[in-house]
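Throughout, read-outs are computed from the coordinates displayed, never taken from laboratory work. Fair warning: this is a prediction, and the values are worked out from it, not measured in the lab. Counting neighbours? That spans all protein chains shown, and the Cβs are built from the backbone with ideal geometry, glycine included.
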Number of protein chains: 2
Amino acid sequence: MTELITAVEAVDVRFPTSRELDGSDAMNPEPDYSAAYVTIRTSEDAAGHGLAFTVGRGNDVEVAAVRALAPLVTGLSVDEVLGDLGAFSRRLTGDSQLRWLGPDKGAIHMAAAAIVNAVWDLYGRREQKPVWQLLSEMTPEQLVALVDFRYLEDALTRDEALELLRRAEPGRAARATHLLQHGYPAYTTTPGWLGYDDEKLVRLSRQAVADGFDLIKLKVGADAVDDMRRLRLAREAVGPNIKIAVDANQAWGVRQAIAWMSTLAAYDPYWIEEPTSPDDVLGHAAIRRAVAPVKVATGEHTHNQVMFKQLLQLDAIDVLQLDASRTAGVTENVAILLLAAKFGVPVCPHAGGVGLCEMVQHLAMFDYVAVSGTTENRYIEYVDHLHEHFTDPVHVHDGHYLAPTAPGISAELHPASIAAHRYPDGPVWNLAPDPATP
Amino acid sequence: MTELITAVEAVDVRFPTSRELDGSDAMNPEPDYSAAYVTIRTSEDAAGHGLAFTVGRGNDVEVAAVRALAPLVTGLSVDEVLGDLGAFSRRLTGDSQLRWLGPDKGAIHMAAAAIVNAVWDLYGRREQKPVWQLLSEMTPEQLVALVDFRYLEDALTRDEALELLRRAEPGRAARATHLLQHGYPAYTTTPGWLGYDDEKLVRLSRQAVADGFDLIKLKVGADAVDDMRRLRLAREAVGPNIKIAVDANQAWGVRQAIAWMSTLAAYDPYWIEEPTSPDDVLGHAAIRRAVAPVKVATGEHTHNQVMFKQLLQLDAIDVLQLDASRTAGVTENVAILLLAAKFGVPVCPHAGGVGLCEMVQHLAMFDYVAVSGTTENRYIEYVDHLHEHFTDPVHVHDGHYLAPTAPGISAELHPASIAAHRYPDGPVWNLAPDPATP
């Protein structure tokens, strides 16, 4: 009997993080970290889990988008899907009717991410390997077969990608061993949420250094005077040798970003993240030229590989912050890692939220073992929120992510966590079902 | 009593256009033209109608996105909304949780478009004016107040926009009179769908010329040999003096676009539309440099004003094809018209589908009367499909759109058309309700 995908289930799961102002920034004052949580089931009782992260309202739209894609997936042969994951991804993003909602962007693309990640989880479980290892053991030919080069070839050809992967092949085994022994560098955003008072900022900044982090991040962009004070306090707390990144979460126009950053330059920020609209490739390039040597970082809202291609072609960023579920999951992120390697730009994945740390660690570790071959100037973002809800939570010690060894992509939620946080009917929300919510 | 918005209703309406291969192109072989159809109701029994256009599957996601935005709208004072439509638009697109699904792109942004257009329709009905006239009678100060300049000011400042509008003010009345007498130039895509055979292509091309059109458009991009033959047949049918645009609907990579267009150059195409990914600003710029004097056109999938800004900053397009419901409706389109005028690029709105001709005519006519002040090298796309479902359908005669005179934005569907085409329960679809469809 051929093993078939029998179901694509989607659940609206929301965590009431706004009650504590965890995750507050210039554009997201009160997020409720949420997931359109996807489980793929097969006729052999296997399962894979993935999710698309949102910040509350709209998570129901994301669930609707997953359900719109589900008929493209149910009934497929598992072997055929896993045998050509590039074709599977194009099947999801290339549907001639559904792609009108994107193409390759917004709710429908994030829904594709959740499904693609769930399929990679299924693959990892079948092979009994964490996804970073699964990827790192694929041949260069298998890896480039994942990539849709149609819109990339003016920046990265298949042959260039192959060459780049082959160059990294000899060191794979040694790097995998090193990774398992030493982990992968992390940075922390925990001290710097805008909703935290100065005392908490200073205390958590010191704690971050004590915990082994050499890069911390502060949210900025709501008030320039506050930002100067908070950055000064953080700098005083951690000393001159710890890097402090700042993150404006798109609050500024291009000229405003340049002016605002000039007021913060005295405190030696390491990078400015999302200084303006995530769509403004030219704007990022202009800001980068103006604020150097401060680096420019972006990516958590960069919606697909074509946008990353242009950020790289225009030398618009110093740090590429891919996201686990903004672009179409592991498969598109392989293309983005290859683009970054071609252009020599370090990848520091966006994480935090719910499940993002769990998923992106696999991508960064694969990058180290089989693509860029280095962790220099590379970090995975770390925020200590909501990991307890996962069956295979991240482990961060002494400023490093320990490499996960359990099979899959680490995105499985505990059933009890799902039951408690289902929206709107879970007990955490304590709401009557809303007939207007699909 | 203050008049309040009491309801934002959304209906999933789909027309089975795929049964006739109307609308078939290289990326959309079988579209079912659809609308997330929005009605806004007030406590004074007034109503406004707008829609977001989709091509079938996914229209339910669009309806879910409208419903997610609805709580931001119901309960608002109509006077306050109409008194500051710029703030209203930012309220929809700036919601700190919902914007995560964009920001400013994809399903949630198109849902904002449907609501914004419905509110403009309400406004026009209240003022007893078609929206083109309503816009054309606003002061330059009122018009720039609609625009969110935050991400635009490196390309267009408020002062520049004001200056541009003031320069066009003296001629407004004369141009409005001219418009009412002569209409606005149209071009037609009716002959050129990929699903039509050669005989139909030739017959409809000749008919288009007989009907007074001097620009027709052919779909290309599926097969180069077919494209050469079809373009040759069309050229022979219409003669050397009729412009023939071609439209690849994103089928190509950058290098492929350049190579393919070189094979079509002998037949003198007027513009190449959507040669590659709609997100690839740099790609469009490279293609434009290579295919000149053939023009490059794009915009129907350009998801917001920041993307249009960059296309203009990089001289990447010769023709800007704004869409009624891809960007956030009339309000964001005012910004896009101002950007185009600043850069001297003609706007030829995307239309066809369902309701797009009806809505975009108001934008092009406003542009003529009060922004660019000219119809030179400007056309509104016209396709003769589905107009019979609207209470105020477009009227195209002798290659020109006649200016609508009924109040509003012309997007109201006949109740009988809604009832017949509701998905999945309308009789046209003849389907049992699907429990998986919200």
**Report entry** Pairwise Cα inverse-distance average, inverted: Kirkwood Rh of region B:167-417 (Å)
**Finding:** 18.3 Å
Query raised in the report: How large is the charge dipole for chain A, taken about the Cα centre, if only the Cβ atoms of Lys, Arg (+1) and Asp, Glu (-1) carry charge, to the nearest 20 debye?
Result: 700 debye
Requested in this report: Work out the mean other chain Cβ neighbour count within 10 Å for the residues of B:244-254 and drop it here as an integer.
Outcome: 2
Report task. Quote the charge dipole size of the protein assembly as shown about the Cα centre in Debye, to the nearest 20; the model charges only the Cβ of Lys and Arg (+1) and of Asp and Glu (-1). Result -> 1360 debye
Report task. Could you check the simple spin-label distance between A:E137 and B:Q181, using points 7 Å along Cα→Cβ, in nm with one decimal? Result -> 8.0 nm
**Report entry** Where labels lie 7 Å past Cα in the beta-carbon direction, separation of B:A406 and A:R229 in nm
**Finding:** 5.9 nm
Query raised in the report: Put a point 7 Å out from Cα along the line to Cβ at A:A420; what are the distances to that point in the other copies, in nm, shortest first?
Result: 5.5
Query raised in the report: Under a Cβ-Cβ cut-off of 9 Å, what is the net charge of the residues other than B:V428 that fall near it, where Lys and Arg count +1 and Asp and Glu count -1?
Result: +2
Query raised in the report: Hey, can you rank B:203-213, B:281-291, A:322-332 by average C-beta count inside 10 Å, highest first?
Result: A:322-332, B:281-291, B:203-213
Query - Inter-copy separations for A:R167, label at 7 Å along Cα-Cβ, nm, ascending - result: 5.0
Report summary line: Expected integer from the mean partner chain Cβ neighbour count at 10 Å over B:150-156 is 6
Report summary line: 1/(1 + (r/R0)^6) with r = Cβ-Cβ of B:S262 and B:S43, R0 = 60 Å, i.e. FRET efficiency to nearest 0.05, evaluates to 0.50
Query raised in the report: What percent does the relative contact order of chain A come to when contacts are Cα pairs within less than 8 Å and at least six residues apart?
Result: 20 percent
Query raised in the report: Packing-wise, with mean Cβ within 10 Å as the measure, how do B:137-150, B:357-370 rank, highest first?
Result: B:357-370, B:137-150
Report task. Between chains B and A there is a rotation axis; tell me the chain B residue with the nearest beta carbon and how many whole Å away it sits. Result -> B:G106, 1
Query raised in the report: Can you tell which of A:I108, A:H350, A:V61 lies farthest toward the positive end of the dipole of chain A, using +1 and -1 charges on the Cβ of basic and acidic side chains (Lys, Arg; Asp, Glu)?
Result: A:H350
Query - Cβ-vector label at 7 Å, B:G83, separations to other copies in nm - result: 6.7
Query raised in the report: Can you give the helix-only mean residue ellipticity at 222 nm for the protein assembly as shown, where every DSSP H stretch with n ≥ 4 adds -39500 (n - 2.57) and the sum goes over all residues, rounded to the nearest 500 deg cm²/dmol?
Result: -12000 deg cm²/dmol
**Report entry** Extension gain, A:T74 back to A:A222 (0.36 nm per residue minus Cα-Cα distance, nm)
**Finding:** 48.7 nm
Report task. Sketch the reach of a paramagnetic label on B:R289 as a point 7 Å from Cα along Cα-to-Cβ, and name the residues of region B:258-281 whose backbone nitrogen lies under 18 Å away. Result -> B:258-262, B:275-277, B:280-281
Report summary line: The answer for chain B, counting only DSSP H helices whose Cα atoms cover 24 angstrom or more along the axis and whose Kyte-Doolittle average is -1.0 or greater, is B:106-127
**Report entry** FRET efficiency estimate (nearest 0.05) - Cβ-Cβ, B:H397 to B:E199, R0 22 angstrom
**Finding:** 0.25
**Report entry** Near-label residues of region B:385-401 by backbone N, under 16 Å of a point 7 Å along Cα→Cβ of B:D214
**Finding:** B:397-401
**Report entry** Count of lysine pairs in chain B with Cα separation under 21 Å (8 or more residues apart, or interchain)
**Finding:** 12
Report task. List the pair-distance distribution P(r) of region A:253-395, using every Cα-Cα distance, as the percent of pairs falling in each 10 Å bin from 0 up to the bin containing the longest distance, rounded to whole percents. Result -> 12, 41, 34, 12, 1
